[in-house]
1. Please state which of the following conditions D267 fails to meet, knowing it meets all the rest: (1) within 15 Å of the ligand (Cβ to nearest atom); (2) of a type in the set (D, E, K, R); (3) without any contact (Cβ under 8 Å) to a residue 12 or more places away in the chain.
2. Look at L229 and say whether it is under 18 Å from D324 (Cβ atoms) and touching a Pro at 6+ places or on another chain (Cβ under 7 Å).
3. Within segment 208-240, can you find the residues that are within 11 Å of the ligand (Cβ to nearest atom), in contact (Cβ under 8 Å) with a residue 40 or more places away in the chain and either surrounded by fewer than 19 Cβ atoms within 10 Å (Cβ to Cβ) or in a helix (DSSP H, G or I) (or both)?
4. Go through segment 226-248 and give me each residue that's at pLDDT 90 or above and of a type in the set (D, E, K, R).
5. What number goes with the only condition from (1) within 16 Å of the ligand (Cβ to nearest atom); (2) of a type in the set (S, T, Y); (3) surrounded by fewer than 22 Cβ atoms within 10 Å (Cβ to Cβ) that Y289 does not pass?
6. Can you tell which of L273, L297, L333 is of a type in the set (A, V, I, L, M) and within 14 Å of the ligand (Cβ to nearest atom)?
7. R294 fails exactly one of the following numbered conditions: (1) part of a loop (DSSP other than H, G, I, E, B); (2) over 21 Å from I185 (Cβ atoms). What is the number of that condition?
Amino acid sequence: MNYRTSLSLIISAAIAFFCAASALGSSLFEDAGAMFRSKNFGSAAVKYLEVARTEPANAEAAYYAAYASYYAGRKADAIQIFWYVAKKCSSSKHAVSSRELLKKIDSDYAKHSLDPRFASLPGAPSAAVTVAATHVTAPTSPIEDKKKLIDELVQLTPRRSNRPDVTPAFVAEIKDGLNQFSLPILRFLKKHNCHIIVCPCVIEADFRMQGYSPGGYWEGATMEDVPALFDFKNIVIGQYLPDTAGGYRQNDGGLGTIRHEIGHAIDRFSGNLSQKDDFKHARVWDYPYRAEQRAKLAYFLGGGRGDAEAFAELCAFKFGGRTDKRRTETCNLLQSLSARSYPVVEKVLEKLETESP
Ligand SMILES: [Zn+2]
């Protein structure tokens, strides 16, 4: 049994626990539980953290904030919070479980066990950070590292047409989305000089795309209708999409879109894994045998581009899934029919989590 499997078992128990305990908790705690149960781990983590900050004695809230962070792909945050539970709520039963889990997921267990910076919730100043103000050479915490890295990864393309400008709220949403990825994944993007370019519409990153029809889209669609893309170098995300009345609507794919495009980047920068025998052979075995499934998953079929899309989408699933209803459905369906190819993707991502500097 690998640790992922054992975590899955524990998380099932956690979900059962919430069904019983939520009636007793605060409404914020209940909200967090509901998000957790619906596998919206990123939002659940934020809510649980809020509870843990306002109720420092609530070991349970912090413990599940760590779990939700882990499942949202924010391993560094999860480790930080599990340490908080282990050290600051040491008399709670959750402290014991936290240490057990940390032994499995924290490769620097012994070091962090003695490090006073690993005793506070993410975003809160720890004792050591306060001390660090007088010591210029003190190392930065993983949380600070991540924020700096995200600021470096995100680039803005100024408006070059009559579309509206990108709003600060949209940029904040993208940054918040990136914050849900683990440090090794973000460092992997940085290592390959891959930026997340935010612009009013994807074609503004390169007007040569204008008028071209994107593969796998509906008849008459143009590149303007594409919410985000990976151009083999950078990830480009547009805030506005054309609406049917000749105006613009917001790109609401958000975090799910970022998860998919980062999947493309990982595929490419790892040597086009989606076009290698391992993945392609697995995909042949996973070919949907029912016509209605094939119709729903057409975007991911046909080899070549279809395999690259499937690879990216399975990465998106592993990172926590899609965030809009239509794509959540196809993403989940694809994963459920990828008995052979999903493990190939899982292996790639797990290796990346442990090997990246
Ligand atoms: Zn794609």
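1. Looking at each condition in turn, D267 falls short on (3).
2. No; evaluated as a whole, the condition is false for this residue.
3. G215, G216
4. If the condition is that a residue be at pLDDT 90 or above and of a type in the set (D, E, K, R), then D231, K233 are the ones that fit.
5. (1)
6. None of the other options fit; the residue is L297.
7. Looking at each condition in turn, R294 falls short on (1).
Yes/no matrix, rows are residues, columns are (1) at pLDDT 80 or above; (2) of a type in the set (D, E); (3) out of contact with any Leu (no Cβ under 9 Å at 6 or more places or on another chain):
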{"position": "K93", "(1), (2), (3)": "yes, no, yes"}
{"position": "V96", "(1), (2), (3)": "yes, no, yes"}
{"position": "A119", "(1), (2), (3)": "yes, no, yes"}
{"position": "E152", "(1), (2), (3)": "yes, yes, yes"}
{"position": "T157", "(1), (2), (3)": "yes, no, yes"}
{"position": "I174", "(1), (2), (3)": "yes, no, no"}
{"position": "P184", "(1), (2), (3)": "yes, no, no"}
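The values are calculated or read from the model by the stated rules, or taken from the named source; none is laboratory data. Just so it is clear, the structure is predicted and the values come from calculations on it, not from any experiment. Cβ: placed from backbone, ideal geometry, glycine included. Neighbour counts: every protein chain shown.
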